[in-house]
Amino acid sequence: MLGFSDGLWALLLALATGIALLMRAQLFRYTAQVATLLAAGLGSLLALGLGLALNMPDALVREALTGDRTGLDIRTIWLVAAIAAASALITTIGLVASRSGLTPFWGRFLELAEGFVLLTLVPLTLAVFDVYASVRSMTG
């Protein structure tokens, strides 16, 4: 799974995939279609979060075994702060949008943001498969 990978490109691809699935859910009309995309998007982001929490870099684990837990503590604080910020942002958006609905400006902005996220999937996938490194090595 991409969330448990050590590579930055794989983690970014997992994040972009989860966000893209969540953003695409608004296009569908029926509950089963929306629920499927929401479950897949949330599952992807959950797997990414679990991968970041459980798959610690080897250097941090070695330092923790020798008694220096500073790196692990900073990583834990960073993960908790990122999850709290994302939760607060999603809650705020949900509360505001449910009362007043989306204005045309924000609707168009979300469409552009969705297009941007979808366009990042192909380059990130190529980076995960090391296509760019292979092409660079062909030139000598």
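Yes or no: Gly107 within 23 Å of Met23 (Cβ to Cβ) and either modelled with pLDDT under 90 or under 15 Å from the mean Cα position of the chain (by Cα) (or both)? In short, yes. Restricted to segment 1-30, and to residues there that are of a type in the set (Ser, Thr, Tyr) and surrounded by fewer than 18 Cβ atoms within 10 Å (Cβ to Cβ), the residue that is nearest to Gly94 (Cα to Cα) is Tyr30.
The residues in segment 77-113 that are surrounded by 10 or more Cβ atoms within 10 Å (Cβ to Cβ) and not in a helix (DSSP H, G or I) can be counted, and the count is 2. Taking (1) assigned to a helix (DSSP H, G or I); (2) over 24 Å from Leu11 (Cβ atoms); (3) hydrophobic (A, V, I, L, M, F, W, C) in turn, Ala40 satisfies each apart from (2).
The C-beta contact set for segment 63-76 (first residue loosely packed, with under 13 Cβ neighbours inside 10 Å, second residue in a helix (DSSP H, G or I), distance under 8 angstrom, 6+ apart or interchain) comprises Thr70/Glu63. When Ala10, Ala25 are checked against the criterion of being touching a Leu at 6+ places or on another chain (Cβ under 8 Å), in contact (Cβ under 8 Å) with a residue 60 or more places away in the chain and assigned to a helix (DSSP H, G or I), Ala10 stands alone in meeting it. The set of residues from segment 56-76 being assigned to a helix (DSSP H, G or I) and closer than 30 Å to Leu22 by Cα comprises Ile74, Arg75, Thr76. Only one of the listed residues (Thr92, Thr125) is β-branched (Val, Ile, Thr) and at pLDDT 90 or above. That residue is Thr125.
Anything in segment 114-140 that is surrounded by 14 or more Cβ atoms within 10 Å (Cβ to Cβ) and without any contact (Cβ under 8 Å) to a residue 12 or more places away in the chain? List them, or say none. Within segment 114-140, Pro123, Leu126 meet the criteria.
The values are calculated or read from the model by the stated rules, or taken from the named source; none is laboratory data. Note that the structure is a prediction, hence the values are computed from the model and not measured. Heads up, the Cβs are rebuilt from the backbone with ideal geometry, glycines too, and the neighbour counts pull from every protein chain shown.
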